[in-house]
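Scroll down for the structure; my scribbles are underneath it.
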Amino acid sequence: MTRLLPAIAFAIAAAAAMIPAAQAGYPTSVEAAPYSLAPGLFEPASPDLGLRRAPGTEDITVFAPAAGEGLFNNGAVLVGFKGRLYAQWQNSARDEDSPDTRVLASHSDDGIHWSAPQVLVAAGSGDTMYSNGGWWSDGQTLVAYLNVWPTGFQSGDGGWTEYMLSRDGASWSAPQRVLGADGAPVEGIIEQDPHALAGGRVITAFHTRPGMIVAPFFTDDPLGISGWQRGAMANLPHEGRVSRELEPSLFLRRDDDGAECAVMVFRDQASSFRQLASESCDRGEHWTTPALTAMPDARAKQSAGNLPDGTAFLVNAPNIDRVRIPLAVALSNDGECFDRAFLLRGRRDLPALRHEGRYKRPGYHYPKSVVWSGFLYVAYAINKEDIALTRVPVSSLQDGARRGADCSGSISAP
């Protein structure tokens, strides 16, 4: 899922973007949000919001298409498996979410040098379109999720999720449907970002059909291919078949009683250009109503998670408009106050758009991340053309970041 339904969501979002959130009837309070943003963390008037790169930060190209290799690329997702790093993304000749879309994958032994892409799924036939759904693994088997749009993405009908299994990252089983706890297929498109709680429970979200109404799901199946149950969460008011909350990621934190809580971070289709967030402290079964946070967001996918020491991170384009520049990582020791940030990719790093195509525009699109072999790896598409990643030594994320004020004061969006 690399774009939202144009006939429904974009019409609503475009209208909302013309007036302030408060005038549009959307809540602007951040008091109920699960996390806060330190005032002054980002400087809107400064280049790249005043952020600097962490020592040892490197940029790496995974795939730069030549003629005939598919000039549209987006939705890069990473996973570590049996000593290798794998990347998955969707690829098409020219346009986003077109019928010729296929799913590609590449691997690397060192995170720097990448193999030629393998075709995981070829283009669909008839109206069916495939897009990449991300990865999961129990350590012994690699799971590749596939999102299936039976009437095409543009129809707005939504779709379902299939999976393929591999023991070596090269040979794959035939696709099968992802199943719920009742044994029936889950009727929804999986988000590309599953996370595991202590004890192994897996949490992610599906965008349920008809349309795309986001909902948190959880399973105790270590492979994440069966046993999925829907968590209880009330969506914010929305029109049509697209929920206001979309494309979430999540990080973990501890509440005051020491309980493990999952914080799910959403893109806001109401064009507030801030993140929405919901929280569950009962292992994904019940979630708070999503609340508007103070974290600016350019309304693309984002990625969240935790470093090995528990530090929470948020990767996104923290811009208060649709420009997906710069790409940054914000950090919080406790998952409640994000008070420091580093630059990942900035405006002066961005090459010119090389090829025309539907819905293509400059920027760093749809980041997803993984901690692997001592680095935080962030994968993304450059201008929806090249698949790239930026890696930062985890040790470099501890010191030297730009810091905002204390979160205990009044919090407002930059």
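Observations, loosely collected:
- Gap separating the Cα centres of segment 151-194 and segment 321-351, nearest whole Å: 31 Å
- Mean projected area of the Cα convex hull of segment 319-414, taken over all directions, amounts to 7.5 nm².
- Net length gained if the chain between Ala405 and Asn235 were fully extended (0.36 nm per residue, minus Cα distance): 58.0 nm
- Note on the chain: dipole from Cβ charges, positive end direction compared against Pro216, Gln398, Asn316; the farthest Cα belongs to Asn316.
- Contact order normalised by residue count of the chain, Cα under 8 Å, 6+ apart, percent: 20 percent
- Distance from the alpha carbon centroid of segment 64-94 to that of segment 216-280 works out to 26 angstrom.
- Carbon plus sulfur fraction of accessible area for segment 33-98, probe 1.4 Å, in percent: 50 percent
- Computed from backbone phi, the HN-Hα couplings of segment 341-351 come to 7, 10, 7, 9, 9, x, 5, 6, 7, 7, x Hz, rounded to whole numbers (Karplus: 6.51 cos²θ - 1.76 cosθ + 1.60, θ = phi - 60°; Gly and Pro given as x).
- Of all accessible heavy-atom area on segment 325-391, the percent that carbon and sulfur account for (1.4 Å): 46 percent
- Here segment 349-374 is scanned for amide nitrogen atoms under 16 Å from the site 7 Å beyond the Cα of Asp59 along Cα-to-Cβ, giving 349-354, 362-367.
- Rounded FRET efficiency, nearest 0.05, which uses the C-beta distance separating Asp255 from Asp110 and R0 of 45 Å: 0.70
- Cross-link check: pairs Lys82/Lys301; Lys82/Lys368; Lys301/Lys384 evaluated at a Cα-Cα cut-off of 24 Å; pairs beyond the cut-off: Lys82/Lys301.
- Annotation: amide H of Val62 within the under-5 Å range of Ile387, Ala388, Leu389, sequence separation 5 or more or interchain, hydrogens built in the peptide plane.
- Taking θ as phi - 60° and the Karplus parameters 6.51, -1.76 and 1.60, the scalar couplings of segment 302-309 work out to 9, 9, 9, x, 9, 6, x, 8 Hz in sequence order, x denoting glycine and proline.
- For Asp182 and Asp282, a Förster radius of 25 Å and the Cβ-Cβ distance give a FRET efficiency of 0.75, rounded to the nearest 0.05.
- Here's how it looks for Lys384: its modeled amide H is under 5 Å from those of His365, which are all 5 or more places away or on a different chain.
- Carbon + sulfur, % of accessible area of segment 118-167 - ligands and nucleic acids excluded, 1.4 Å: 47 percent
- Theoretical ellipticity at 222 nm over the chain - DSSP helices of four or more residues, -39500 (n - 2.57) apiece, nearest 500: -500 deg cm²/dmol
- Distance-filtered residues of segment 342-371 - backbone nitrogen under 18 Å, label point 7 angstrom along Glu69 Cα→Cβ: 351-356
- Between Arg167 and Ser373, the FRET efficiency estimated from the beta carbon spacing at R0 = 25 angstrom works out to 0.75.
- Lys, Arg +1 and Asp, Glu -1 on Cβ, resulting dipole of the chain about Cα centre, debye, nearest 20: 1000 debye
- Note that segment 377-387 has calculated 3J(HN,Hα) couplings of 9, 10, 9, 6, 9, 8, 6, 6, 10, 9, 9 Hz, one per residue in order, obtained from phi through the Karplus relation 6.51 cos²θ - 1.76 cosθ + 1.60 (θ = phi - 60°); glycine and proline are x.
- Accessible area (Å², per residue) of segment 276-414, counting only protein heavy atoms and a probe of 1.4 Å: 34 Å²
- Antiparallel content of DSSP bridges confined to the chain, in %, to 5: 95 percent
- When you restrict to C-alpha pairs under 8 Å that are six or more residues apart and normalise by the size of segment 182-247, the relative contact order lands at 26 percent.
- For the chain, built as a Gaussian network whose Cα springs stay under 10 Å, the top-fluctuating residue of Arg84, Arg340, Arg358: Arg358
- Cubic angstrom per residue, convex hull over Cα atoms of segment 102-250: 133 Å³
- Peptides ranked, highest mean first, by Cβ atoms within 10 Å: ranges 323-336, 105-118, 223-236: 323-336, 223-236, 105-118
The values are calculated or read from the model by the stated rules, or taken from the named source; none is laboratory data. No experiment lies behind these values; they were computed from the predicted model shown. A quick note on method: Cβ atoms are made from the backbone with ideal geometry, for glycine too, and the neighbour counts reach across all protein chains shown. Side chains are part of the model used for accessible areas, which takes the heavy atoms of the whole protein and leaves out ligands, DNA and RNA. Shrake-Rupley method; radii C 1.70, N 1.55, O 1.52, S 1.80 Å.
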